[in-house]
Amino acid sequence: MPTTNSEKKINNFIESVKAKQAHEDEFLQAVEEVAEFIIPFIEANPKYKKAKLLERMVEPERAILFRVSWLDDKNEIQTNKGFRVQFNSTLGAYKGGLRFHPSVNLSILKFLGFEQVFKNALTGLNLGGGKGGADFDPKGKSDAEVMRFCQSFMTELSKHIGANTDIPAGDIGVGAREIGYMFGQYKRLRNEFTGTLTGKGIEWGGSLLRTEATGYGLLYFVKEMMEHKGDSLKNKVVVISGSGNVAQYACEKAIEMGAKVVSFSDSDGYIYDEKGISIEKLEFVKELKNEKRGRIKEYTKKYPSTKFYKGKRPWDIKCDVALPCATQNELEEKGAKMLVKNGCKLIAEGANMPTTSEAIDIFAKNNILYAPGKASNAGGVATSGLEMTQNSLRLSWTKEKVDEELKTIMKKIHTQCVEYGKEGKKKEKIVNYLKGANIAGFVRVADAMIAQGVV
Ligand code: NDP
Ligand code: 2IT
């Protein structure tokens, strides 16, 4: 039962959001996580109260649902659901990825779009927030099927996006191949070569380091967290979930920083490599996942001294740092308890909302540093922002220049989290990153919304 005035207000707010979309569990989870910190902040800062900002922010500016019909290799007609949620354009054109996964629905895309608004604000760039995708499963499809799906999807999506309107990118199930097919179709339909998608190939408008950016950015953020408490990643044991884009480049940068990465996973289970994943072994994973589109368990065939745990998540491995990089709600209460018991000291999210609220509470109670994805995985969208800048300039920056910008952005996000999230007596050392990220992101969007009037 809520007791304080703030708790009552939070409760009433959540109930009012729930009343309008009771079945959107993931979206409600994301809203609750924000409201818990923003409502007390609004109560303490009356200028935000009058403007009814949170009430406006939980409503997407626009959500588009569309049919995507396409022909499979047997010439059978297939139909999927396509979506684009244009959440908030206060700070810039809508920006956010496209997810192709059978679980995609409006609730998942609204949670991702809502999170994206705060994340994009934290980057300091002029980016609004949005997300889209389809309940299409690229697994087991031929390249030709994926191409026909992408072309059909883009035929409708192209009516709603543009370099100054809405700029999609990749996410789960959408990588270089899918962005290529969608860019080709967009260009053909609009007869224009613009930066309407990010994550493009380097030869046709992409930015160096965009592929690596989310994973690298995550490690730059972890480095800041470590240094803030007077420690470093050297010789730390790191557990990573997922084995896709974010997981692979998180692993690469962690190795480069002197850590020992011992796991990868996919929806079938996880692999444990006690000796540590080397750059050479990582190259095998990249080829396995990106070229052959294989399963992570094949790692144990190539490296027989390692083990595959079917149907399990890697949170029972003893580690210093855990980086969930697969999907939402993959780190639950049980996993959190195991991590705490085994002495894990830091969790930073590469995925979006991988930690359940019960698991977050466990980390908070045990003083474990926990960085939410909207702060720690913002390097991907930030580098998308840098790709947009390069496209507008019609120039390509060097790897070194992009890397420098990415490092600076991640450092600034960390500084904002510390500024708004410091807690306890030794204020400068104890940081509630969730609180800091939520408030810092909110303040930037809120001030701009007030300036732009009731729209
Ligand atoms: P990929 O498609 O490249 O990889 C996804 C990985 O997560 C795969 O290993 C996949 O395994 C696993 N996975 C997906 N769904 C599930 C599930 N339901 N249960 C268990 N494992 C699952 O995606 P990304 O690496 O790009 O994205 C990973 C996470 O990072 C997502 O949460 C995404 O929103 C987030 N993110 C991505 C950014 C980017 O730039 N790409 C930027 C910021 C955040 P399997 O093959 O079995 O499906
Ligand atoms: O969740 C995310 O931030 C992404 N999938 C990247 C979005 C982007 O526009 O680069």
**Q.** Rh (Kirkwood; distinct C-alpha pairs) - the range 1-75, Å
**A.** 14.7 Å
Q.
What is the distance in Å between the Cα centroid of the range 279-299 and that of the range 202-235?
A. 21 Å
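What value, in deg cm²/dmol to 500, does the helix sum -39500 (n - 2.57) over DSSP H runs of n ≥ 4 give at 222 nm once divided by the residues of the chain?
Helices in the chain give a 222 nm mean residue ellipticity of -15000 deg cm²/dmol.
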Q: Could you list His23, His228 in order of exposure, starting from the residue whose Cβ has the fewest other Cβ atoms within 10 Å?
A: His23, His228
Q | Quotient of C-alpha Rg and 2.2 N^0.38 Å, computed over the range 96-157 | A | 1.30
Q: State, to one decimal in nm², a quarter of the convex hull surface area for the C-alpha atoms of the range 321-455, i.e. the direction-averaged projected area.
A: 10.9 nm²
(Q) Rounded to whole Å, give me the distance from the Cα center of the range 3-52 to that of the range 153-172. (A) 31 Å
Q.
Strictly greater than 24 Å: what percent of every Cα pair in the range 87-207 meets that?
A. 22 percent
(Q) Just want the ordering: Asp137, Asp273, from fewest to most Cβ atoms lying within 10 Å of their own Cβ. (A) Asp137, Asp273
Q. Residue by residue, what Karplus-based ³J(HN,Hα) values in Hz, rounded to whole numbers, does the range 197-208 have, using 6.51, -1.76 and 1.60 with θ = phi - 60° and x for Gly and Pro?
A. 10, 10, x, 6, x, 4, 6, 10, x, x, 9, 4
Q: For the range 81-144, compute the number of Lys pairs whose alpha carbons are separated by less than 23 Å, excluding pairs fewer than 8 positions apart on the same chain.
A: 12
Q) Picking from Tyr272, Gln86, Ile347, whose Cα lies most toward the positive end of the charge dipole for the chain (charges on Cβ: Lys, Arg +1; Asp, Glu -1)? A) Ile347
Q: Give the peptides 318-328, 291-301, 196-206, 247-257 in descending order of average Cβ contacts within 10 Å, highest first.
A: 318-328, 247-257, 196-206, 291-301
Q: With no solvent and one equal point scatterer placed on each C-alpha of the range 157-276, evaluate the Debye formula and give log10 I(q)/I(0) for q = 0.10, 0.11, 0.13, 0.20 Å⁻¹, two decimals.
A: -0.43, -0.50, -0.65, -1.03
Q: In whole Hz, with x marking every Gly and Pro, tabulate ³J(HN,Hα) for the range 405-417 from phi via Karplus 6.51 cos²θ - 1.76 cosθ + 1.60, θ = phi - 60°.
A: 4, 4, 4, 4, 5, 5, 5, 5, 5, 4, 4, 5, 4
Q: First obtain the Kirkwood hydrodynamic radius of the range 66-127 from its Cα pairs, then insert it into the Stokes-Einstein equation at 37 °C and 0.692 mPa s, and state the resulting D in µm² per second as a whole number.
A: 245 µm²/s
Q. Can you work out D for the range 1-141 in µm² s⁻¹ from Stokes-Einstein, where Rh is the Kirkwood radius over C-alpha pairs, the temperature is 4 °C and the viscosity is 1.567 mPa s?
A. 78 µm²/s
Q | Fewest-first ranking of Val17, Val104, using other Cβ atoms within 10 Å as the exposure measure | A | Val17, Val104
**Q.** the range 23-34 - phi-based ³J(HN,Hα) in whole Hz, Karplus 6.51/-1.76/1.60, Gly and Pro as x
**A.** 9, 8, 4, 5, 5, 4, 4, 5, 5, 4, 4, 7
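Let me know the shape class of the chain, please: from the alpha-carbon gyration tensor, a ≥ b ≥ c as square roots of the eigenvalues, rounded when a/c is under 1.5, otherwise prolate if a/b is greater than b/c, or oblate.
Because its axes are fairly even, with a/c under 1.5, the chain counts as rounded.
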Q.
Check which residues have an amide H placed less than 5 Å from Ile64's amide H, if you skip close sequence neighbours.
A. Arg84, Val85, Gln86
Q: Over 23 Å, how big is the tail of the calculated P(r) for the range 198-348, in percent of all Cα pairs?
A: 33 percent
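The numbers here are math on the coordinates, done by the rules we state, and not lab data. Note that the structure is a prediction, hence the values are computed from the model and not measured. Positions of Cβ are generated from backbone atoms using ideal geometry, with glycine treated the same way; all protein chains shown enter the neighbour counts.
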